[in-house]
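The values are calculated or read from the model by the stated rules, or taken from the named source; none is laboratory data. Bear in mind the structure is a predicted one, so any value in this text is a computation, not a measurement. Positions of Cβ are backbone-derived with ideal geometry, glycine not excepted, and every protein chain shown enters the neighbour counts.
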Amino acid sequence: MFAYVVRRVLATIPVMAVVALFVFSLLYIAPGDPAAVIAGDQATPDDVERIRASLGLDRPYLVRFGAWVFDILRGDLGVSIFTNLPVSLMIKQRLEPTLSLMVVTLILAVSIAVPMGVIAAARVGTFIDKLVMGFAVLGFSVPVFVVGYLLAYIFALELEWLPVQGYTPFSNGFFPWMENLILPAIALGSVYIALIARITRASMLEVLQQDYIRTARAKGAGLRSILFLHALKNAAVPIVTVIGIGIALLIGGAVVTESVFAIPGLGRLTVDAILRRDYPVIQGVVLLFSFTYVLVNLIIDILYTLFDPRIRY
Amino acid sequence: MDRRTFLKAGAGVAAIGASGGASAPALSQGAAARTLRFVPQANLANFDPIWGTQYVVRNAAVLVWDTLYGFDERLQPQRQMVEGEETSSDGKTWTFKLREGLRFHDNEPVRARDVVASINRWMPRDPMGQLLRAINVELSAVDDRTFRWVLSAPFPKMTMALGKNATPMCFIMPERIASRFDSFTQINEYVGSGPMRFVRNEWVPGARSVFQKFDQYVPRNEPASWLAGGKRMMVDRIEWVIMPDPATASAALQNGEIDWWENPITDLVPVLRRNRNILVDIADPLGNIGSFRMNHLHAPFNNLKVRQAVMTALSQDDYMGAVVGNDPALRKTLGGFFTPDTPLYTEEGGEMLKMANLERGRQLLRESGYNNEPVICVVAQDQPITKAQGDVTADLLKRLGMNVDFVATDWGTVGQRRAMKNPPNQGGWSMFHTWHAGADAINPVVYNAVRANGDGAWFGWPNIPAVEAEVPNWLAANNLAEERAAIGRLNRAAVENVVYCPTGFFLSYQAWRRNVTGITKGPIPFAWGVSKS
């Protein structure tokens, strides 16, 4: 196992290198000019040209790419063209809100969706099953921002229970932190809950047809013990896979959710950087997201061995 | 106590029991009243008002850096950091004396040499600064409070140049910063001379910027009037909260999570007006001028008659309807290029602007010899104002009988593409849309868009000597009548030759909570004099 983990970690290096090359090249050929944005609308073409030169944007592709790779190898993500702040600092400033949102969403989604899927499978064909599947269809169909606006309208504007927007750091206390995350996590989690619930149901239905479940029933095992002890563990591999895939969904969804709830996270940082063509920030954030995704896949692969002892690396 | 506060209190009591006091200390009412939470028009992505000349940077910078002179609400420059000035009899030498007690935020006194360095850094970036630079003989500090500027020619608009609110403004920074970074390199230290300090360690670009009252700032004794007079801060702290989504900002204002929103979109104004805790009013009486620019270098708009055909056919009503809707309080039809209700506004020779005659436009197009060349119309879709104008223009050009190639893109791409002088079919462009702040369209030097000096002109590069001839005449004018005469001739030449097409004048709203007082209308959200109960 240890050798496998080391191999997988080493394999991330070429993956990240390809991502880096791809991202840099894509940004190089993409239209748009940060110098024009910096110079402002009243600037003359000469002003724009001088700013471009001062930022080094007039240098050839290979020179810029080489300098960037050299910096990356030294652990330096560069400096934002606009803010003049190190990209690593900007990412650090934005990491906690996004991590908080994703963790709360993940916990919320798994703790709601897995029991929903299990119950739907246990009560297949009944009203409860239809209700759960109806919710899943709704969760897939309604865009995150619509759910977000609806929640904000009901729980913030009408009921005045929760704030509309913003983020309070965890260091200010658990409840203030949580207060700002409840609505965004529900909004972001709606698709995720739908996805996990459906997969859990399908996976459980398959497992519940197995002989050993019939045997357990025949031996007089209770429904709860059959569902959660015997069936769920064996149905877990596809569920864990979907949870892993869903991390990418969360990263994408966080961009919208952070905008709707004005959460100062990495999603908004990415969008702002793209709109302004802040190349070092885009490159840094995309590298981070790619690394996270590779890491999540590795964790999922390791989790397989816990749920299914037959899987060995 | 509102319902949420009550629930929070309840939750807080429960939390103390459950978590051993893990909840955050509550902000006292007094502290909350001394903090103004403001949603600006855009993200403060950089904070160097000379290097980056976006309006949002200027608006934040006026809190942090002071200026030698400042425009009042009559658009007259008034002394601000300057105590007095003397001009030699030939008008070529200016001697300025600074007020006593001026301090930077690092507690160092503001000295004449700081001013000299700041002016030197500002000049290359500013149109009026460039004129001064061209006639500069010597700018030097005489003593700590006095500096002298020797010019090779008189410059009657000196105080206007040093006090104008058009970006970039001549902000005063410490010499060690102003002389270390040239105009095209961004500063990384924000030591101001104004009424608020920039709290750098709380700056999260794209999310939040914080300003703290600078207790040692000495305001002038006169009442504040825009950038002039006593800049007295009534709050201790201003938090700029960046909200990219207008619906969220609207909800946050209604919920009392923010105090003042600089630019609510027109669609949400009725919702805000229905809330008895919120006030809505015009933000900036100088408003904005919508525009599209045509590329004078290439066909079809290198043909004067084609440009005239478009200007004759366009209806400003159509454009303003698309930009701000049907609220008559928000729009005006322009007969000239300058900002309405300002001293230099004129409609001399501006009949074509108000014509809105499609048939006449078609006739002019036929007479022009237009040969169905494609019009590459580049439209930023991420800016509601440009998108709305672009849709109207595309329809107009089609009705005129032109061959429109509508390029929907984002503002960053427009910014890059409009700088290209290539022919439209080789990566260039034929037209793009934008708008000009009314505060920047009050005289021909700060108003780049109306200039027509060929390669030196703004994008589109119009070359119309009749327009340019009037700029020095305005500069040399000794009184308002002479200024107006020069601007009248300039306006006529600009319309006849279609420097660009103004699409109408429009205003926008601002909104704030009823417990906030002292908000004024102006081209910048002036925070001095604003208090919160």
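When only residues in the range B:217-240 that are farther than 14 Å from B:F71 by Cα and of a type in the set (F, W, Y) count, which is surrounded by the fewest Cβ atoms within 10 Å (Cβ to Cβ)? Within the range B:217-240, the match that is surrounded by the fewest Cβ atoms within 10 Å (Cβ to Cβ) is B:Y217.
I need the full set of residues from the range B:265-306 which are out of contact with any Pro (no Cβ under 9 Å at 6 or more places or on another chain), of a type in the set (K, R) and more than 28 Å from B:Q254 (Cβ to Cβ), in order please. Of everything in the range B:265-306, just one residue is out of contact with any Pro (no Cβ under 9 Å at 6 or more places or on another chain), of a type in the set (K, R) and more than 28 Å from B:Q254 (Cβ to Cβ), namely B:K305.
Taking the range B:57-127 and the strands (runs of 3 or more DSSP E) fully enclosed by it, no element has 3 or more residues that are among the aliphatic types (A, V, I, L, M), more than 30 Å from A:V48 (Cβ to Cβ) and under 25 Å from the mean Cα position of the chain (by Cα). For the range A:20-37, the set of residues classified as in a helix (DSSP H, G or I), of a type in the set (A, V, I, L, M, F, W, C) and more than 17 Å from B:W435 (Cα to Cα) consists of A:A20, A:L21, A:F22, A:V23, A:F24, A:L26, A:L27, A:I29, A:A35, listed by residue number.
Condition check: within 14 Å of chain B (Cβ to nearest Cβ), under 18 Å from the mean Cα position of the chain (by Cα) and within 26 Å of A:V240 (Cβ to Cβ). Does A:L295 satisfy that?
In short, no.
Screening the range A:146-199 for residues that are over 25 Å from A:R94 (Cβ atoms) and outside any helix (DSSP H, G or I) and picking the one that is nearest to the chain's Cα centre (by Cα) gives A:W161.
Just the residues that are touching a helix residue (DSSP H, G or I) at 6+ places or on another chain (Cβ under 7 Å), under 17 Å from A:A273 (Cβ atoms) and within 14 Å of chain B (Cβ to nearest Cβ), please, taken from the range A:12-59. Within the range A:12-59, A:L27, A:Y28, A:P31, A:G32, A:D33, A:P34, A:A35, A:A36, A:V37, A:I38, A:L55, A:L57 meet the criteria. When A:D278 is tested against the conditions (1) of a type outside the set (A, V, I, L, M, F, W, C); (2) more than 10 Å from every other protein chain (Cβ to nearest Cβ); (3) touching a Ser or Thr at 6+ places or on another chain (Cβ under 8 Å), the lone failure is (2). So which pairs qualify, if the first residue must be in the range A:79-99 and free of Cβ contacts under 8 Å to residues at least 12 places away in the same chain and more than 7 Å from chain B (Cβ to nearest Cβ), the second must be among the polar types (S, T, N, Q) and crowded, with 18+ Cβ neighbours inside 10 Å, the Cβ gap must be under 8 Å, and the two must be at least 6 apart or on different chains? The qualifying pairs are A:P86/A:S80. Restricting A:F135, A:F174 to those that are facing another protein chain (nearest Cβ under 10 Å) and not polar (S, T, N, Q) reduces the list to A:F174. Taken over the range B:377-398, the criterion of being within 22 Å of B:H298 (Cα to Cα) and touching a Lys or Arg at 6+ places or on another chain (Cβ under 6 Å) is satisfied by B:V378 alone. Pairing each residue of the range B:294-309 that is in contact (Cβ under 8 Å) with a residue 60 or more places away in the chain with any residue that is acidic (D, E) and assigned to a loop (DSSP other than H, G, I, E, B), provided the two are 6+ apart or on different chains, yields C-beta distances under 7 Å for B:A299/B:E373; B:P300/B:E373.
Only residues that are more than 14 Å from B:I50 (Cα to Cα) and within 23 Å of the chain's Cα centre (by Cα) were counted across the range B:165-190, and they come to 0. The number of residues in the range B:418-431 being within 12 Å of chain A (Cβ to nearest Cβ), of a type in the set (G, A, S) and within 26 Å of the chain's Cα centre (by Cα) comes to 1.
Take B:A439 and tell me if it is within 13 Å of another protein chain (Cβ to nearest Cβ) and either in a helix (DSSP H, G or I) or surrounded by fewer than 20 Cβ atoms within 10 Å (Cβ to Cβ) (or both). It is true that B:A439 is within 13 Å of another protein chain (Cβ to nearest Cβ) and either in a helix (DSSP H, G or I) or surrounded by fewer than 20 Cβ atoms within 10 Å (Cβ to Cβ) (or both). Go through the range A:65-75 and give me each residue that's exposed (fewer than 15 other Cβ atoms within 10 Å of the Cβ) and either under 14 Å from A:V23 (Cβ atoms) or among the hydroxyl-bearing types (S, T, Y) (or both). A:V69 - this is the single residue of the range A:65-75 that is exposed (fewer than 15 other Cβ atoms within 10 Å of the Cβ) and either under 14 Å from A:V23 (Cβ atoms) or among the hydroxyl-bearing types (S, T, Y) (or both). Of the residues making up the range B:442-455, those that are over 18 Å from B:M294 (Cβ atoms) and either in a strand (DSSP E or B) or not hydrophobic (A, V, I, L, M, F, W, C) (or both) number 2.
The residue list A:L266, A:L250 contains one member that is under 28 Å from A:L10 (Cβ atoms), within 14 Å of chain B (Cβ to nearest Cβ) and in contact with a helix residue (DSSP H, G or I) (Cβ under 7 Å, 6 or more places away or on another chain), which is A:L266. Being hydroxyl-bearing (S, T, Y), assigned to a strand (DSSP E or B), on the phi < 0 side of the Ramachandran plot and within 13 Å of chain A (Cβ to nearest Cβ) holds for only one residue in B:T413, B:T434, and it is B:T434. Give the residues of the range B:168-199 that are closer than 17 Å to B:P109 by Cβ and either aliphatic (A, V, I, L, M) or within 14 Å of chain A (Cβ to nearest Cβ) (or both), sorted by residue number. Selection gives B:I172, B:M173, B:I177, B:A178, B:V191. Being touching a residue at least 12 places away in the same chain (Cβ under 8 Å), crowded, with 21+ Cβ neighbours inside 10 Å and in contact with a His (Cβ under 7 Å, 6 or more places away or on another chain) holds for only one residue in B:G361, B:G390, and it is B:G390. Give me the residue from the range B:28-56 that is assigned to a loop (DSSP other than H, G, I, E, B) and of a type in the set (V, I, T) and, out of that set, nearest to the chain's Cα centre (by Cα). Here the residue is B:T53. Would you tally the residues in the range B:88-112 being in contact (Cβ under 8 Å) with a residue 24 or more places away in the chain and surrounded by fewer than 19 Cβ atoms within 10 Å (Cβ to Cβ)? The qualifying residues number 14.
Residue-wise test of (1) buried (at least 17 other Cβ atoms within 10 Å of the Cβ); (2) among the basic types (K, R); (3) in a helix (DSSP H, G or I).
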{"site": "A:R50", "(1), (2), (3)": "yes, yes, yes"}
{"site": "A:R59", "(1), (2), (3)": "no, yes, no"}
{"site": "A:V63", "(1), (2), (3)": "no, no, yes"}
{"site": "A:L77", "(1), (2), (3)": "yes, no, no"}
{"site": "A:P97", "(1), (2), (3)": "yes, no, yes"}
{"site": "A:S100", "(1), (2), (3)": "yes, no, yes"}
{"site": "A:L106", "(1), (2), (3)": "yes, no, yes"}
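Pairs meeting the criteria (first residue in the range B:521-533 and within 23 Å of B:L330 (Cα to Cα), second residue among the aliphatic types (A, V, I, L, M) and crowded, with 22+ Cβ neighbours inside 10 Å, beta carbons under 6 Å, at least 6 apart or on different chains) are B:P523/B:L286; B:P523/B:A439; B:I524/B:V62. For the condition more than 20 Å from the chain's Cα centre (by Cα), modelled with pLDDT under 95 and not polar (S, T, N, Q), B:D259 does not qualify. Annotation: B:N473 fulfils all but one of (1) away from every other protein chain (no Cβ under 14 Å); (2) farther than 26 Å from B:D382 by Cα; (3) in contact with an Asp or Glu (Cβ under 7 Å, 6 or more places away or on another chain); the unmet one is (3).
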